[in-house]
2 protein chains.
Amino acid sequence: MSDQMSDPPSDPTPPRPVVILVEPQLAENIGMTARAMANFGLAELRLVAPKGGWPKKGVRETASGATHVLDGATLHATVAEAIADLHHVLATTARERGQMKRVLGPDEAMRAVAARQQAGERVGILFGRERVGLSNDEVSLADAIITFPVDPKHASLNLAQSVLLVAYEWRRAAGLAQLPFDGEMRSPPAPREALLALFGTLEGALDRAGYFPPEKRGGMVRNLRDMLHRMQMTEQDVRSLHGALRALSREAADE
Amino acid sequence: MSDQMSDPPSDPTPPRPVVILVEPQLAENIGMTARAMANFGLAELRLVAPKGGWPKKGVRETASGATHVLDGATLHATVAEAIADLHHVLATTARERGQMKRVLGPDEAMRAVAARQQAGERVGILFGRERVGLSNDEVSLADAIITFPVDPKHASLNLAQSVLLVAYEWRRAAGLAQLPFDGEMRSPPAPREALLALFGTLEGALDRAGYFPPEKRGGMVRNLRDMLHRMQMTEQDVRSLHGALRALSREAADE
């Protein structure tokens, strides 16, 4: 990870969707929203008439390192004002609204958003109030609806959790979702010669220890080799096992 | 939504991964973890030595409706004890550990988990302490690593947010991720006859209003029809537009 921290992968900073919170109430939800946005590379936050005013006490603490998102947040009196410069708007809602709009999951929605951004469109996503969500009139200002594939028995997603899922899916749709590190082997795969030598050492030690009933030796040896093959050992792994085996054999010889 | 609330889609309750929080500290993170689990249909929570004891004050408030997850949570002294009855264990971490394990994103990891569960395996997922995550020794108890495709500049995911992403991807991998409602049209698509009648009414009204320069009428009419086609109108849409058009024409006639 330290390599990557000092030399982050080049990020083409494509256009990113704007996150618009409508009358958010809790400082913690706004802070956690900023954090979730930053986790997946979103940066532009707009607040429509936050309850209790802005800035809110305690919001920076819950944003973790994402204070740049809070510092850049803009305030708007109405949803109409907050979306005026955008070309495409999505509304998140957990409830059916009786509006004949397209209804998309966050994955499908973000794939469509990434395609629109490629074509130069600016896209915003509306998130409603903590308790009551967006009003029907606010939803009617959107081109389409995003909803989440939740368990219908526990459908109430936290505000920042909804933002997180959208940001996560946007990052994937935009082709930026590389894992920060991988499970690359730090030692090359063991050459068969090294593995065969290990088999020989192990089987010889077990022969000396009287482990194999003679009539079953063939099958037992093959099973042991199967287990060792499944480990897909590196050169280093073979050296380590060889060393462990020698230590056990020495101990046996000393007894 | 009300239909679905009274008659939820049948949920085969397949085996679900166990969520294991290792020394979690904040009541709010445990409550939000329970809520995130319930949102995506997970139910089994294990707590390894929660800091400050258990139950924690305030935890139920942040769990929203997911108190059944908290009530069913079990306490364990060590990770080894918490995973003893499981067949496969994944460790979540944001940091490279120098352990040669497979490293998976939550999507790929949960597809593999769903396949193991089909084969009858019980699977658990380890989540570390808020500030320092899992120890290297705890990671070494896992079969593979889950990490998240975050922006490397803001890699610190909140604990409950990590659980949410895993639960979300599990629900998708298990084939349970239906959206709670869709954008189904509540009126059938308009038959061409109704649409052609609307074209006729609109074009006649615009003719009477002197809207079309004669030499451009053909192209302008085709453009208007294109716009109306893009609306993919239902029968009800055509009736509504027809009514709006008649109202405008009456107003014009009254002038």
- Item | Fewest-first sequence of A:62, B:92 by Cβ atoms within 10 Å of each Cβ | A:62, B:92
- Between copies, how far apart are the residue B:229 label points? List them in nm, one decimal, shortest first, with each point 7 Å from Cα toward Cβ, please? 6.2
- To the nearest 20 debye, what charge dipole does the range A:180-222 have about its Cα centre, counting +1 at the Cβ of each Lys and Arg and -1 at the Cβ of each Asp and Glu? 180 debye
- Message: Assuming 0.36 nm per residue, please report the length gained on full extension of the stretch residue A:132 to residue A:99 beyond their Cα-Cα distance.
- Response: 10.2 nm
- Query: Most fluctuating residue of A:45, A:164, A:241 in a GNM of chain A with Cα springs under 10 Å: which is it?
  - Reply: A:241
- Query: For the range B:36-66, list residues with backbone N below 19 Å from a point placed 7 Å from the Cα of residue B:80 toward its Cβ?
  - Reply: B:47-50
- Task: Please determine, in degrees from 0 to 90 and to the nearest 10, the orientation of helix A:235-254 with respect to the longest principal axis defined by the Cα atoms of chain A, where the helix direction is its Cα long axis.
- Result: 40 degrees
- Item | Additional length obtainable on full extension of the chain from residue B:211 to residue B:242, 0.36 nm per residue less Cα span | 9.3 nm
- Task: For residue B:234, list long-range residues whose amide hydrogen, built 1.01 Å from N in the peptide plane, is under 5 Å from its own amide hydrogen.
- Result: B:190
- So how far apart, in nm, are the two label points at residue B:71 and residue A:25 if each is 7 Å from Cα heading toward Cβ? 2.5 nm
- Query: Dipole size in debye (nearest 20) for the protein assembly as shown around its Cα centre, Lys and Arg Cβ +1, Asp and Glu Cβ -1?
  - Reply: 40 debye
- Note on the structure: Between the residues B:141, B:99, B:39, the Cα farthest towards the positive end of the dipole of the range B:11-173, that dipole coming from +1 and -1 charges on the beta-carbon of Lys, Arg, Asp and Glu, is from B:39
- Going through A:101/B:153; A:101/B:216; A:51/B:56; A:57/B:153; A:56/B:51; A:153/B:153 one by one, the pairs whose alpha carbons sit over 32 Å apart turn out to be A:101/B:153; A:101/B:216; A:153/B:153
- Is there a simple number for the mean count of other chain Cβ atoms within 10 Å of the Cβ of residues in A:163-172, and what is it? 4
- Shortest first and in nm to one decimal, what separations exist between residue A:200 and its copies in the other chains, measuring from label points 7 Å along the Cα-to-beta-carbon line? 9.5
- Query: If each Cα of the range A:114-180 is one equal point scatterer, what is log10 of I(q)/I(0) from the Debye formula at q = 0.15, 0.22, 0.23 Å⁻¹?
  - Reply: -0.62, -1.14, -1.19
- Task: Mind listing the long-range amide H neighbours of residue A:41? Cut-off is under 5 Å, sequence gap 5 or more, other chains count too, H placed in the peptide plane at 1.01 Å from N.
- Result: B:151
- Per-residue ellipticity at 222 nm attributable to helices in the protein assembly as shown (runs of n ≥ 4 DSSP H, -39500 (n - 2.57) apiece, nearest 500 deg cm²/dmol) works out to -13500 deg cm²/dmol
- Message: With the cut-off at 1.5 for a/c, could you classify the range B:11-173 from its C-alpha gyration tensor as rounded, prolate or oblate?
- Response: rounded
- Query: Roughly how big is chain B's charge dipole about its Cα centre, with Cβ charges of +1 (Lys, Arg) and -1 (Asp, Glu), in debye to the nearest 20?
  - Reply: 440 debye
- Using the 7 Å Cα-to-Cβ label point, sort the distances from residue A:61 to its equivalents in the other copies shortest first and give them in nm to one decimal. 1.4
- Message: Going 7 Å from the Cα of residue A:153 along its beta-carbon direction, which residues of the range B:36-53 have the amide nitrogen within less than 12 Å of the resulting point?
- Response: B:38-44
- Candidates B:222, B:97, B:129; GNM for chain B (alpha-carbon contacts under 10 Å) flags as most fluctuating B:222
- Task: Quick one: among B:51, B:101, B:153, which has the greatest mean-square fluctuation in a GNM of chain B with alpha-carbon springs under 10 angstrom?
- Result: B:153
- Query: Can you give the translational diffusion coefficient of the range A:90-224 in µm²/s, computed by Stokes-Einstein from the Kirkwood radius over Cα pairs at 20 °C and 1.002 mPa s?
  - Reply: 107 µm²/s
- Task: Taking every pair of Cα atoms in the range A:192-254, average 1/r, invert it to obtain the Kirkwood radius, and report Rg/Rh to two decimals.
- Result: 0.97
- Task: Please turn the phi angles of the range B:36-53 into ³J(HN,Hα) values with the Karplus equation 6.51 cos²θ - 1.76 cosθ + 1.60 (θ = phi - 60°), one per residue in order, whole Hz, x for glycine and proline.
- Result: 5, 4, 5, 3, 10, x, 8, 9, 9, 10, 10, 10, 9, 6, x, 5, x, x
- Task: Please work out how much length the chain gains when fully extended from residue A:87 to residue A:186, using 0.36 nm per residue of separation minus the C-alpha to C-alpha distance, in nm with one decimal.
- Result: 30.9 nm
- Item | Values of log10 I(q)/I(0), in the order q = 0.06, 0.08 Å⁻¹, for the protein assembly as shown under a Debye, Cα-only, solvent-free model | -0.40, -0.64
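Every read-out reported here was derived from the displayed coordinates using simple, explicitly stated rules and does not represent laboratory data. Computed from a predicted model, the values in this text were never measured in an experiment. We place every Cβ from the backbone using ideal geometry, glycine too, and count neighbours over all the protein chains shown.
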